[in-house]
Amino acid sequence: MDLKIAVLAGDGIGPEVTNEAVKVLKAIALRFGHDFNFAEALLGACAIDKYNEALPANTLQICQEADAVLLGAVGHPKYDNNPDAPIRPEQGLLAIRKALQLFANIRPITIYDKLIPQSPLKADRIAGVDIAIYRELTGGIYFGEKFLSEDKTVASDLCTYSVKEIEQIAHMAFKAAQNRRKKLTLVDKANVLETSRLWRRVVTQIATEYPDVALDFLFVDNAAMQLILNPKQFDVMLTENMFGDILSDEASVIGGSIGLAASASVGDTYSLFEPIHGSYPAATGKGIANPVASILSAALLLEHFDLYDEAAAIKNAVAASIDQNFCTPDIFADSTYSTSDVGDFIESLILGNETFTNS
Ligand code: IPM
Ligand code: MN
């Protein structure tokens with residue numbers, strides 16, 4: 001298969017981890033006889049530095065012309081404590097999600113048996129956890145009208161959802177549940193928020209089209225607690241933008257590290273794949289960032305194009321690397337393997353290069 005992949009490595013550790021994902025995709029192309037072409041473009045702080053824009057028009061065009069987008073991370077500390085910054089790196093990420101209409105962000109959460117001891121939770125609570133978080137990505141409070149009074153003493157962010165916005169991701173989540181354990185949990189705050197009550201009405205209605213899927217509801221505060229108490233109860237979790245952002249970070253560490261958690265953002269036309277972690281400024285340039293989330297995002301990219309054997313080759317290689325303790329220090333604190341060591345090892349497993357030794 002020919003695939004044109006736009007690569008937006010972004011800021012901080014983004015370029016380091018994305019480099020390993022590209023390396024792995026090139027190994028897949030070689031082993032399975034595909035032709036993957038990569039087109040790099042700037043997004044986030046690096047784009048602001050060069051073009052004074054977080055999402056330059058040229059970057060958007062490269063993404064629109066590609067079959068898929070592979071994204072690293074955006075963000076830079078110089079903006080984090082400057083509330084007056086006129087342009088922020090994160091605006092680039094939000095703008096590209098909106099421009100490509102990537103309304104569904106899918107964040108799978110699973111556990112490697114080997115890493116059960118690394119989890120902050122007790123082993124019996126987490127063995128076998130397998131959750132798919134469906135986070136709405138182009139609506140809600142992230143994109144609502146913002147307001148700051150002239151004297152800067154009052155601010156507001158509006159949360160808005162339409163029936164259509166809820167329907168499009170809900171159908172996707174129900175279909176996913178049909179192919180999984182047939183359970184869907186809608187997470188909301190329907191005891192307080194009008195938008196949440198709209199979500200409940202729309203999702204309850206749509207559920208009648210998926211009679212084989214059991215639907216239940218949880219308030220978001222309770223969901224945060226249940227993820228720690230009993231994460232095995234969850235199959236598909238469907239939720240709005242900000243709740244999904246928060247709960248997916250929480251869920252990701254059940255598996256031992258946020259550095260393992262990948263995501264797929266999809267709409268009707270475009271698709272984008274990125275780790276759920278951020279730009280991790282403190283680790284930038286140190287070679288300690290975990291490339292696995294980015295590498296597994298590449299596997300999600302391949303699955304999106306029905307390249308299931310290829311995706312499995314990546315996932316098996318990642319599992320084998322973890323099984324052999326071939327991990328960055330976020331997983332095993334005393335590990336001396338670097339970002340590129342881990343990428344090289346996974347690449348060598350994909351290529352069947354037995355000469356690579358784990359020493
Ligand atoms: C994520 C990130 C982004 C988000 C930030 C960087 C804008 O936290 O992808 O989860 O909140 O969506
Ligand atoms: Mn987040």
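No lab work stands behind these numbers, since they all come straight from the coordinates. Remember, predicted model here, so these are calculated numbers, not experimental data. Cβ atoms come from the backbone with ideal geometry, glycine included; neighbour counts cover every protein chain shown.
Among the listed pairs LYS122/LYS232; LYS175/LYS315; LYS50/LYS146; LYS182/LYS232; LYS182/LYS315; LYS4/LYS175, a Cα-Cα separation exceeding 21 Å is found for LYS175/LYS315; LYS50/LYS146; LYS182/LYS315; LYS4/LYS175.
Computed over the chain, the P(r) curve from all C-alpha pair distances, binned at 10 Å from the origin, holds 5, 24, 33, 27, 10, 1, 0 percent per bin. By DSSP, the beta bridges lying fully in the chain are antiparallel in about 40 percent of cases. Only Cα pairs under 8 Å and 6+ residues apart enter the sum, and on that basis the relative contact order of the range 1-151 stands at 23 percent. In the chain, Cα pairs under 8 Å separated by at least six residues give a relative contact order of 22 percent.
Between ASP221, ASP80, ASP151, the residue with the greatest mean-square fluctuation in the GNM of the chain (Cα pairs under 10 Å linked by springs) is ASP151.
Each of the peptides 5-13, 113-121 was scored by the mean count of other Cβ atoms within 10 Å over its residues; in descending order, highest first, they stand as 5-13, 113-121. Highest GNM mean-square fluctuation among GLN205, GLN178, GLN101, for the chain modelled with Cα contacts below 10 Å: GLN205.
Based on Cα contacts under 8 Å between residues 6+ apart, the range 226-278 shows a relative contact order of 24 percent. Sorting 255-261, 277-283 by their mean Cβ neighbour count within 10 Å, with the most densely packed peptide first, gives 255-261, 277-283. Working value for the range 136-226: equivalent-ellipsoid semi-axes of 30, 14, 11 Å, each the square root of 5 times a Cα gyration tensor eigenvalue, largest first. Counting neighbouring Cβ atoms within 10 Å and putting the fewest first, the residues SER338, SER162 line up as SER162, SER338. When the Cα gyration tensor is reduced to axis lengths a ≥ b ≥ c, the ratio a/c is 1.5 or higher for the range 231-359, and with a/b not above b/c it is classed as oblate.
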